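*Asks:* One structure, as structure tokens, below. Some questions next.
The values are calculated or read from the model by the stated rules, or taken from the named source; none is laboratory data. These figures come from a predicted structure and were not determined experimentally. Virtual Cβ from ideal backbone geometry, glycine too; neighbours counted across all protein chains shown. Ligands, DNA and RNA are stripped out before the accessible areas are found, and what is left, the full protein with its side chains, is counted by its heavy atoms. Shrake-Rupley method; radii C 1.70, N 1.55, O 1.52, S 1.80 Å.
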Amino acid sequence: MLDKALFYFFAGIAVVSAVLMVTRRNVVHSAIFLITALLATAGIFLQLRAEFLFIVQIILYVGGIMVLFVFVIMLVNLDVALQQIQFARQKWVALFVALALAGQVGLMFWTSGKMPGQGLPVLTAAAAAKLPPNSETVARSLFESYLLPFEIASVLLLVAMIGAVVMAKKRA
Amino acid sequence: MLPIGHYLFLSLALFIIGVVGVVTRRNVIVVLMSIELILNAVNINLVAFSRLYGDVAGQVFALFIIADAAAEAAVGLGIIIAFFRNRETVLADEMDLLKW
Amino acid sequence: MMTSIFQATIEFLKAFWAPLLCGVAIVAVLPLIVGYIVLVERKLMADMQARLGPMRVGPHGLLQPIADAVKLLIKEDIIPDNADKLVFWLAPVLSVGAALLSLAGLAIGPAFQIAQDINIGILFVVGVSALGIFGIVLGGWASNSHYSLMGALRSSAQLVSYETAAGMALVSALLFTGTLNIKSIVEAQNKEGIWFVMLAPVAFFTYLVASIAETNRAPFDLPEAESELVAGYMTEFSGFRWSLYFLAEYANMIVVASVATTLFLGGWLRPFAKFHELPGFHWLNFLDFVPLLLMVVVGVYCVQRVPKQPTRVQQLFMLVVAGLCFVLGLVLLAPVVVPIAKPFYAGIHGGFWFIFKVSLYIYFFMWLRFTIPRYRFDQLMRLGWHFLIPLSIINVLLVGVALIAGSYLNLHGWGLLLVTTPAAIVTLIVAFLILAMEKERNAPQDQAAESDFYAG
Amino acid sequence: MQSAYIPVLIYAVLVIAFPAVTLILAKFIRPASTSVGAKLKPYECGIPPESDSRGRYSVRFYIVAMLFVIFDVETMFLIPWAILYRGWVAVHQGLFALVSMVLFLGILLVGYLWLYKKGALEWV
């Protein structure tokens, strides 16, 4: 009961602020709504018993990546930009893509003959019991099963760091 | 106890909103933010399945996706800054030259 | 239906009454505490500058914070013409919300915690308090003034630069604890019998510097450098909105001081807390009486000041303060001598020691503010990126090496000092090397402007 | 949702409500603002503002934020490593753990040194 209420609460916030993010004219407002959506997603993670990911979402996504976005918005934010048309002439493409994706899912439910959500596996308490203590289990999995991806991640970060600086530096 | 479908639907909704944002918005920064939304939708799926099977591997992958999103945002915004310095605009359809 | 909801509420309250009470208490009392921290700061500053400080409102200015609060509450509220009204409203709320919310993870004593025993403990505190940056940057943007936006950008650049160093210092301490849970961190220090400030002194130093910069305090108060930026991101904020930012700043100070206390200074533990658990009486247990002693000294001082007060009301007030001190002293004495009150020892004395350490840390902040002149912005950034970050990364690795050496030598507790002290010394040597390199690099600094890497 | 977080959620609502409600309440307590004209202009030491403040700012702020994000990711990978480290050390696997982290940090340090040498960290 509480689980359900919390899910709808967070999911509602996430979807509504995602819609607002895409539709707002002002980029800063968009960023604020994206932050809200990301925080709501963090709430969903918490509800799914991914505590460590919850805090990573807050520290990295909201407190890191979104700060970067807001900074760049501040740096390039000209008021002229606000008066320009904000939407491309691709509304029909967007509608088509959205409808195609939704239709695909609808078809899936149609062929399976079941209502959405019915007959799908339920998140059981038994499965959840295997997850805590969450940071420790995640750490164990990360360093014992996924050590190579972890090392490769550092190469990715190195590339990102150098690439971004080269982009931003003045042209010779 | 919720069925997994709820989470898949939420993820799908966020994904579609993200795709619509990428396709319709002219401002490159908003396009990048929509991509973040898409990555986020993927993370919800991964974590939901990790919860379903009681296996943290999904969470580890979500962690990698977040790291990837950080790298993508850094480079993407770097490109936007470089573009803005030359053209004084951040609109996607003004990016019509391969080299300037 | 009504009864079932009522019953559910009762059940709920039964399960969560303690954390909820803590929450309400924090929200209700924190503004008052912050007000008095400000008063103490003004008094200390006055003392160090041979002035008296606030004296008018109440005896020795003791009611000044309340007067200030009332003043701020009824002040005119100005929203600049071109401001983004929604964001202008939202930004201070965000700032104060993040600072207060992060307090939820902290444990003042073994029982006083809102987020009881959460697995991510310390990360929750650090992560949520880092969200306050949006309050700053959005507030600066919303007011649409050059000073505000410049101050906001500077402030957040400073915050993010030092957050990395603080995070690395955190990692150094976590190497010893092996957990993120706040209670377990403190317990680990109890088990080890030694606080992590001794085992990881360089990390503590890094965290200290980084936390001053993160709270925008002097000598790193660049965002509010009056001489350059008027008041930084707060320039356009007045009245109650301004006071929210102020509250957030001081709440952040409490947060960083609490994090440092928990991680490095043993949390709610008494010095040499191990001896308290031993049967019999150890001479170090005189420390159990220190709280009482402190209260008595303050009380006697107040009583002695009574005749010097000019009016009857002020004399009475002083007596009341003295009486409160004595009562507090008795409360602190009870768990030590009265057998029935023994179970409350951890709660009462834990709270005392935690608040004591936090106060010392904040006192150090204030002392620095009165002593050291402000840094220049490029100096500040250089200190962060060229010195603190490499230093803290190297420190993490050297502490790791020290721990491996410690495991081969089978060292525990105080014995770990044998390996961690050399590690700290090596880190310090590296630090001096970095400083020397920096000095050499910055010698012909005047030509630097011509070869600006990001110009254009 | 683990039950430990339910008080946190309630506290979060409380914490956001406290400044918001006080802000709204303060509106009723204080006298109505009658300010017009120059008082509502942004403060620029008495000179009328030349331009909208939302213009271009130095790219360095972007570099700072970008490096912060990269190092933040690094910290978030270090923390799970740190909390397991003592366990590994206790079973004498510490060296392997340390080497894997030195490799991770080393690759990033290459980037850091490159930036340092290029002077990209100046001012930054």
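*Asks:* I'd like the interface area for chains D and A: accessible area of each alone minus the complex, both sides summed, 1.4 Å probe, protein heavy atoms only. What is it in Å² to the nearest 100?
*Replies:* 4200 Å²
*Asks:* By its C-alpha gyration tensor, with a ≥ b ≥ c as the square roots of the eigenvalues, how is segment A:133-172 shaped: rounded for a/c under 1.5, else prolate for a/b larger than b/c, else oblate?
*Replies:* prolate
*Asks:* Note down the relative contact order for segment C:274-374 as a percent, whole number, built from C-alpha pairs under 8 angstrom at least six residues apart.
*Replies:* Once divided by the residue count of segment C:274-374, the mean separation gives 22 percent.
*Asks:* Checking an interface number: how much accessible area is buried between A and B, summed over both chains, with a 1.4 Å probe, in Å² rounded to 100?
*Replies:* 7000 Å²
*Asks:* Regarding the protein assembly as shown, what whole-number volume in Å³ per residue does the convex hull of its Cα atoms give?
*Replies:* Cα-based convex hull of the protein assembly as shown, divided per residue, equals 202 Å³.
*Asks:* In deg cm²/dmol, rounded to 500, what helix-only [θ] at 222 nm does the protein assembly as shown give when every DSSP H run of at least 4 residues adds -39500 (n - 2.57) and the total is split over its residues?
*Replies:* It comes out at -23500 deg cm²/dmol, rounded to the nearest 500.
*Asks:* Something else now. With the cut-off at 44 Å, report for chain C the share of all Cα pairs above it, as a whole percent.
*Replies:* Value for chain C: 19 percent of Cα pairs lie more than 44 Å apart.
*Asks:* If you don't mind, another one. Expressed as a fraction of 2.2 N^0.38 Å, the rule-of-thumb size for a compact globular protein of N residues, what is the C-alpha radius of gyration of segment D:5-118?
*Replies:* Rg over 2.2 N^0.38 Å, computed on Cα atoms: 1.93.
*Asks:* I would also like to ask the following. Just the Cα atoms of segment C:11-74: what Rg and Dmax do they give in Å?
*Replies:* Spelled out, the Cα radius of gyration and Dmax of segment C:11-74 are 16.8, 57 Å.
*Asks:* With r as the distance between the Cβ atoms of C:ILE33 and C:ILE5 and R0 = 41 Å, compute the FRET efficiency 1/(1 + (r/R0)^6) and round to 0.05.
*Replies:* It comes out at approximately 0.70.
*Asks:* Using a simple charge model, +1 on the beta-carbon of Lys and Arg, -1 on the beta-carbon of Asp and Glu, nothing else, what dipole does the protein assembly as shown show about its Cα centre, in debye to the nearest 20?
*Replies:* Computed charge dipole of the protein assembly as shown: roughly 1020 debye.
*Asks:* With the dipole of chain A worked out from charges on the C-beta (+1 for Lys and Arg, -1 for Asp and Glu) around the Cα centre, which of A:MET66, A:ILE152, A:MET1 lies farthest toward the positive end?
*Replies:* A:MET66
*Asks:* Follow-up question, since we're still on this one. At R0 = 30 Å, how high is the FRET efficiency between C:TRP17 and C:VAL337 if r is their beta carbon distance? Nearest 0.05 is fine.
*Replies:* My answer for the efficiency is 0.50.
*Asks:* Check B:ASN27: other-chain or 5+ apart residues with amide H under 5 Å from its amide H, H built from backbone geometry?
*Replies:* HN-HN under 5 Å from B:ASN27: B:ALA92.
*Asks:* ³J(HN,Hα) across segment C:333-340 via Karplus (A = 6.51, B = -1.76, C = 1.60, θ = phi - 60°), whole Hz, x for Gly/Pro?
*Replies:* These are the phi-based 3J(HN,Hα) values: 7, 3, x, 7, 9, 7, x, 5 Hz.
*Asks:* For chain B, what D do you get in µm² per second when you plug the Kirkwood radius from alpha-carbon pairs into Stokes-Einstein at 20 °C and 1.002 mPa s?
*Replies:* Stokes-Einstein gives a translational diffusion coefficient of 142 µm²/s.
*Asks:* A further question on this structure: With the Cα gyration tensor of segment C:136-255 giving a ≥ b ≥ c as the square roots of its eigenvalues, does the rule (a/c under 1.5 for rounded; else a/b larger than b/c for prolate; else oblate) give rounded, prolate or oblate?
*Replies:* It is prolate, given that a/c is not under 1.5 and a/b is the larger ratio.
*Asks:* Next question. Work out the mean other chain Cβ neighbour count within 10 Å for the residues of C:81-87 and drop it here as an integer.
*Replies:* Neighbouring Cβ atoms belonging to other protein chains average 4 per residue here.
*Asks:* Using only the alpha-carbon atoms, what does segment A:1-86 span along each of its principal axes? Please give whole angstrom values in decreasing order.
*Replies:* Sorted largest first, the three principal extents are 49, 23, 10 Å.
*Asks:* Also, quick follow-up: In nm, give the distance between the simple-model label positions of C:LEU368 and D:ALA32, each being 7 Å from the Cα along the Cα-to-Cβ direction.
*Replies:* 4.8 nm
*Asks:* Compare the peptides C:232-245, C:151-164, C:426-439 by average per-residue count of other Cβ atoms within 10 angstrom and give them in order, highest first.
*Replies:* Packing proxy ranking, top to bottom: C:151-164, C:232-245, C:426-439.
*Asks:* Spin-label point model (7 Å from Cα, Cβ direction): what's the C:LEU63 to C:ARG376 distance in nm?
*Replies:* According to this spin-label approximation, the distance is 4.9 nm.
*Asks:* Given 20 °C and 1.002 mPa s, compute D for segment D:84-123 with the Stokes-Einstein relation, Rh being the Kirkwood radius over Cα pairs; round to the nearest whole µm²/s.
*Replies:* 183 µm²/s
*Asks:* Once you sort the root eigenvalues of the Cα gyration tensor of chain A as a ≥ b ≥ c, which label holds: rounded (a/c under 1.5), prolate (a/b larger than b/c) or oblate (the other case)?
*Replies:* It comes out oblate by the Cα gyration axes.
*Asks:* Still on this model: For the pair D:TRP114/C:VAL430, report the inter-label distance in nm, with labels modelled 7 Å from Cα in the Cβ direction.
*Replies:* Here the answer is 2.1 nm between the modelled labels.
*Asks:* If we restrict to alpha carbons, what Rg and Dmax does segment C:276-369 come to, in Å?
*Replies:* When restricted to Cα atoms, segment C:276-369 yields Rg and Dmax of 16.3, 52 Å.
*Asks:* Further question on the same structure: To the nearest 0.05, how large is the calculated FRET efficiency for A:VAL105 and B:MET95 if R₀ is 30 Å and r is the Cβ-Cβ distance?
*Replies:* That gives a FRET efficiency of 0.35.
*Asks:* If packing is taken as the average count of other Cβ atoms within 10 Å, what order do C:256-265, D:26-35, A:17-26 fall into, highest mean first?
*Replies:* C:256-265, A:17-26, D:26-35
*Asks:* Can you tell me how much longer the chain between C:LEU294 and C:HIS412 gets when fully stretched, taken as 0.36 nm per residue apart minus their C-alpha distance, in nm with one decimal?
*Replies:* Gain in length upon complete extension: 39.1 nm.
*Asks:* Where does each of C:404-414, B:43-53, C:3-13 land if you order them by average Cβ count within 10 Å, highest first?
*Replies:* Taking the mean over residues of other Cβ atoms within 10 Å, the ranking is B:43-53, C:404-414, C:3-13.
*Asks:* Here is a follow-up. For the protein assembly as shown, which whole percent of the accessible surface, found with a 1.4 angstrom probe, sits on carbon and sulfur atoms?
*Replies:* Roughly 72 percent of what the probe reaches on the protein assembly as shown is carbon or sulfur.
*Asks:* Rounded to the nearest 20 debye, what is the charge dipole size of chain A about its Cα centre when +1 sits on each Lys and Arg Cβ and -1 on each Asp and Glu Cβ?
*Replies:* Value, rounded to 20: 560 debye.
*Asks:* Kirkwood-based Rg over Rh for segment B:39-94 (C-alpha set), two decimals?
*Replies:* In segment B:39-94, Rg relative to Rh is 1.27.
*Asks:* Which value, in square angstrom to the nearest 100, describes the accessible area buried between chains C and D on both sides, using a 1.4 angstrom probe?
*Replies:* Protein heavy atoms only, the C-D interface buries about 7600 Å².
*Asks:* For segment B:74-90, in order, what is each residue's ³J(HN,Hα) by Karplus, 6.51 cos²θ - 1.76 cosθ + 1.60 with θ = phi - 60°, in whole Hz (x at glycine and Pro)?
*Replies:* Couplings: 4, 6, x, 5, x, 5, 4, 5, 4, 5, 5, 5, 8, 10, 6, 8, 10 Hz.
*Asks:* Calculate, for the protein assembly as shown, the solvent-accessible area per residue in square angstrom, rolling a 1.4 angstrom probe over the heavy atoms of the protein chains.
*Replies:* 42 Å²
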